[in-house]
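This report concerns only the one structure given below.
The values are calculated or read from the model by the stated rules, or taken from the named source; none is laboratory data. Source: prediction; values computed, not measured. Please note: Cβ atoms are built from the backbone with ideal geometry, for glycine as well, and neighbour counts cover all protein chains shown. Side chains included, ligands, DNA and RNA excluded: accessible areas come from the protein's heavy atoms. Shrake-Rupley method; radii C 1.70, N 1.55, O 1.52, S 1.80 Å.
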Amino acid sequence: MIRVFLVDDHEIVRRGIAGIIDAAADLEVVGESGSVRGTLGRVAATLPDVVVLDVQLGDGNGVDLCRDIRSAFPDIACLMLTAFDDDDASRLAVLAGAAGYVLKDIRGRNLLDGIRVVAAGRSLLAPGLRDRVAAELHRPSPSDPTGVDLTLRESQVLQLIADGLTNRQIGERLELAEKTVKNYVSALLAKLGMERRTQAAVYGARLGDERL
(Lines give C-alpha, C1' and ligand atoms only; values in the text may rest on other atoms or scores of the structure.)
Protein backbone atom coordinates (compact mmCIF):
# COMPACT_ATOMS: atom_id res chain seq x y z
CA MET A 1 0.00 0.00 0.00
CA ILE A 2 1.39 3.40 -1.03
CA ARG A 3 0.74 6.04 1.62
CA VAL A 4 0.00 9.54 0.31
CA PHE A 5 -0.19 12.92 2.04
CA LEU A 6 -2.03 15.77 0.23
CA VAL A 7 -1.26 19.49 0.48
CA ASP A 8 -3.62 21.89 -1.34
CA ASP A 9 -5.29 25.03 -0.05
CA HIS A 10 -8.44 24.43 -2.13
CA GLU A 11 -10.61 22.05 -0.12
CA ILE A 12 -12.74 20.92 -3.06
CA VAL A 13 -9.65 20.13 -5.15
CA ARG A 14 -8.05 18.32 -2.21
CA ARG A 15 -11.16 16.24 -1.55
CA GLY A 16 -11.44 15.36 -5.23
CA ILE A 17 -7.85 14.16 -5.40
CA ALA A 18 -8.29 12.24 -2.13
CA GLY A 19 -11.33 10.47 -3.56
CA ILE A 20 -9.43 9.42 -6.68
CA ILE A 21 -6.50 8.12 -4.62
CA ASP A 22 -8.60 6.24 -2.07
CA ALA A 23 -10.50 4.52 -4.88
CA ALA A 24 -7.27 2.82 -5.97
CA ALA A 25 -6.62 -0.55 -4.33
CA ASP A 26 -2.90 0.10 -3.81
CA LEU A 27 -3.07 3.72 -2.61
CA GLU A 28 -4.38 5.42 0.52
CA VAL A 29 -4.49 9.01 1.80
CA VAL A 30 -2.95 9.12 5.28
CA GLY A 31 -3.14 12.87 5.84
CA GLU A 32 -4.14 16.23 4.39
CA SER A 33 -3.19 19.87 4.84
CA GLY A 34 -4.43 23.11 3.36
CA SER A 35 -1.43 25.25 4.26
CA VAL A 36 2.32 25.31 4.78
CA ARG A 37 1.91 25.90 8.50
CA GLY A 38 1.81 22.68 10.44
CA THR A 39 2.36 20.43 7.43
CA LEU A 40 5.88 19.33 8.31
CA GLY A 41 4.67 18.11 11.71
CA ARG A 42 1.78 16.19 10.14
CA VAL A 43 4.13 14.61 7.61
CA ALA A 44 6.40 13.57 10.49
CA ALA A 45 3.44 12.01 12.29
CA THR A 46 2.15 10.04 9.27
CA LEU A 47 5.40 9.30 7.38
CA PRO A 48 3.85 8.88 3.92
CA ASP A 49 5.63 7.45 0.92
CA VAL A 50 4.61 10.37 -1.29
CA VAL A 51 3.57 13.96 -0.61
CA VAL A 52 1.45 15.50 -3.37
CA LEU A 53 1.61 19.26 -2.96
CA ASP A 54 0.44 22.36 -4.78
CA VAL A 55 3.12 24.80 -5.93
CA GLN A 56 1.18 27.84 -4.72
CA LEU A 57 -0.34 27.77 -1.23
CA GLY A 58 -2.25 30.45 0.62
CA ASP A 59 0.37 31.03 3.31
CA GLY A 60 3.54 30.16 1.46
CA ASN A 61 5.21 28.30 -1.36
CA GLY A 62 4.98 24.60 -2.16
CA VAL A 63 8.51 24.53 -3.56
CA ASP A 64 9.87 25.82 -0.25
CA LEU A 65 7.77 23.25 1.61
CA CYS A 66 9.06 20.52 -0.69
CA ARG A 67 12.63 21.52 0.14
CA ASP A 68 11.85 21.33 3.88
CA ILE A 69 10.20 17.92 3.56
CA ARG A 70 13.04 16.49 1.50
CA SER A 71 15.60 17.89 3.93
CA ALA A 72 13.87 16.37 6.96
CA PHE A 73 12.72 13.14 5.29
CA PRO A 74 14.92 12.19 2.31
CA ASP A 75 13.01 8.93 1.76
CA ILE A 76 9.70 10.72 1.12
CA ALA A 77 9.05 11.57 -2.53
CA CYS A 78 7.37 14.87 -3.42
CA LEU A 79 5.09 15.25 -6.43
CA MET A 80 4.42 18.89 -7.30
CA LEU A 81 0.96 19.78 -8.59
CA THR A 82 0.27 23.08 -10.37
CA ALA A 83 -2.32 24.77 -12.55
CA PHE A 84 0.29 26.36 -14.83
CA ASP A 85 2.99 24.94 -17.08
CA ASP A 86 5.85 27.16 -15.89
CA ASP A 87 9.40 26.22 -16.89
CA ASP A 88 10.91 28.37 -14.14
CA ALA A 89 8.73 26.69 -11.53
CA SER A 90 9.69 23.25 -12.82
CA ARG A 91 13.37 24.13 -12.46
CA LEU A 92 12.81 25.33 -8.91
CA ALA A 93 10.95 22.09 -8.17
CA VAL A 94 13.99 20.11 -9.31
CA LEU A 95 16.25 22.23 -7.13
CA ALA A 96 13.96 21.56 -4.17
CA GLY A 97 14.29 17.82 -4.68
CA ALA A 98 10.89 17.07 -6.20
CA ALA A 99 10.59 13.70 -7.92
CA GLY A 100 7.79 14.83 -10.19
CA TYR A 101 5.93 17.83 -11.53
CA VAL A 102 2.44 17.52 -13.07
CA LEU A 103 -0.40 19.84 -14.10
CA LYS A 104 -3.73 19.89 -12.30
CA ASP A 105 -5.59 19.07 -15.50
CA ILE A 106 -3.92 15.65 -15.56
CA ARG A 107 -6.31 12.70 -15.83
CA GLY A 108 -6.99 10.83 -12.60
CA ARG A 109 -5.50 7.60 -13.91
CA ASN A 110 -2.32 9.39 -14.97
CA LEU A 111 -2.03 11.07 -11.55
CA LEU A 112 -2.27 7.67 -9.85
CA ASP A 113 0.38 6.28 -12.18
CA GLY A 114 2.56 9.30 -11.40
CA ILE A 115 2.26 8.67 -7.67
CA ARG A 116 3.24 5.05 -8.21
CA VAL A 117 6.25 6.10 -10.29
CA VAL A 118 7.69 8.48 -7.70
CA ALA A 119 6.85 6.08 -4.84
CA ALA A 120 9.04 3.51 -6.61
CA GLY A 121 11.95 5.93 -6.54
CA ARG A 122 11.75 6.97 -10.18
CA SER A 123 11.50 10.47 -11.65
CA LEU A 124 8.40 11.96 -13.26
CA LEU A 125 10.05 15.02 -14.78
CA ALA A 126 10.40 16.13 -18.37
CA PRO A 127 13.26 14.31 -20.12
CA GLY A 128 16.50 16.20 -19.74
CA LEU A 129 15.12 18.72 -17.20
CA ARG A 130 17.44 17.57 -14.41
CA ASP A 131 20.40 17.69 -16.79
CA ARG A 132 19.51 21.23 -17.92
CA VAL A 133 19.22 22.40 -14.31
CA ALA A 134 22.52 20.76 -13.40
CA ALA A 135 24.18 22.45 -16.38
CA GLU A 136 22.72 25.81 -15.36
CA LEU A 137 24.00 25.37 -11.83
CA HIS A 138 27.53 24.84 -13.09
CA ARG A 139 27.40 27.50 -15.79
CA PRO A 140 29.20 30.68 -14.68
CA SER A 141 27.07 33.80 -14.55
CA PRO A 142 27.91 36.77 -16.84
CA SER A 143 30.08 38.06 -14.04
CA ASP A 144 31.05 35.84 -11.14
CA PRO A 145 28.89 36.89 -8.15
CA THR A 146 31.17 35.14 -5.67
CA GLY A 147 32.13 37.57 -2.94
CA VAL A 148 29.42 40.10 -3.78
CA ASP A 149 28.21 41.76 -0.60
CA LEU A 150 24.42 41.86 -0.40
CA THR A 151 22.43 43.87 2.08
CA LEU A 152 20.10 42.02 4.43
CA ARG A 153 17.09 43.08 2.35
CA GLU A 154 18.76 42.01 -0.91
CA SER A 155 19.57 38.63 0.63
CA GLN A 156 15.94 38.24 1.71
CA VAL A 157 14.67 39.12 -1.76
CA LEU A 158 17.16 36.72 -3.38
CA GLN A 159 16.02 33.85 -1.15
CA LEU A 160 12.36 34.53 -1.88
CA ILE A 161 13.09 34.60 -5.61
CA ALA A 162 14.76 31.21 -5.19
CA ASP A 163 11.62 29.99 -3.41
CA GLY A 164 9.60 30.86 -6.50
CA LEU A 165 7.66 33.84 -5.14
CA THR A 166 6.39 36.62 -7.41
CA ASN A 167 7.16 40.29 -6.74
CA ARG A 168 3.71 40.72 -5.23
CA GLN A 169 4.20 37.72 -2.92
CA ILE A 170 7.64 38.97 -1.92
CA GLY A 171 6.12 42.34 -1.11
CA GLU A 172 3.46 40.71 1.07
CA ARG A 173 6.08 38.62 2.86
CA LEU A 174 8.43 41.56 3.50
CA GLU A 175 5.69 44.19 3.86
CA LEU A 176 6.97 46.18 0.90
CA ALA A 177 5.18 47.77 -2.06
CA GLU A 178 5.33 45.67 -5.24
CA LYS A 179 7.11 48.54 -7.03
CA THR A 180 9.73 48.63 -4.28
CA VAL A 181 10.32 44.90 -4.68
CA LYS A 182 10.70 45.37 -8.44
CA ASN A 183 13.40 47.95 -7.79
CA TYR A 184 15.18 45.59 -5.38
CA VAL A 185 15.08 42.80 -7.96
CA SER A 186 16.49 45.05 -10.69
CA ALA A 187 19.27 46.26 -8.41
CA LEU A 188 20.00 42.70 -7.28
CA LEU A 189 20.35 41.42 -10.85
CA ALA A 190 22.66 44.30 -11.69
CA LYS A 191 24.82 43.67 -8.61
CA LEU A 192 25.10 39.95 -9.42
CA GLY A 193 25.82 40.66 -13.08
CA MET A 194 22.78 38.69 -14.20
CA GLU A 195 20.11 39.40 -16.78
CA ARG A 196 17.34 36.92 -15.96
CA ARG A 197 15.33 36.21 -12.84
CA THR A 198 15.88 32.47 -13.38
CA GLN A 199 19.64 32.93 -13.01
CA ALA A 200 19.10 34.65 -9.65
CA ALA A 201 16.70 31.89 -8.57
CA VAL A 202 19.23 29.17 -9.36
CA TYR A 203 22.04 31.11 -7.65
CA GLY A 204 19.87 31.76 -4.57
CA ALA A 205 18.87 28.11 -4.34
CA ARG A 206 22.53 27.06 -4.58
CA LEU A 207 23.45 29.42 -1.75
CA GLY A 208 20.62 28.00 0.34
CA ASP A 209 21.79 24.43 -0.26
CA GLU A 210 25.35 25.36 0.69
CA ARG A 211 24.13 26.70 4.04
CA LEU A 212 22.37 23.41 4.94
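For this structure, a couple of remarks:
- Label-point separation, Ala44 to Ser123 (7 Å along Cα→Cβ), nm: 3.0 nm
- Pairs of Cα atoms nearer than 8 Å and 6+ residues apart set the relative contact order; for segment 2-133 it is 22 percent.
- Full-stretch length increase - Asp113, Ala83 - with 0.36 nm per residue and alpha-carbon distance subtracted: 8.9 nm
- In the context of the full set of protein chains, segment 2-133 has a per residue accessible area of 47 Å² (1.4 Å probe).
- Accessible area in square angstrom per residue, segment 160-212, 1.4 angstrom probe: 56 Å²
- Of the solvent-accessible surface of segment 152-210, computed with a 1.4 Å probe and all protein chains present, 48% belongs to carbon and sulfur.
- Under 16 Å from the Thr151 label point (7 Å along Cα→beta-carbon), backbone N, segment 169-189: 171, 174-189
- Take 149-157, 66-74 and order them by the average number of nearby Cβ atoms within 10 Å per residue, most first; the result is 66-74, 149-157.
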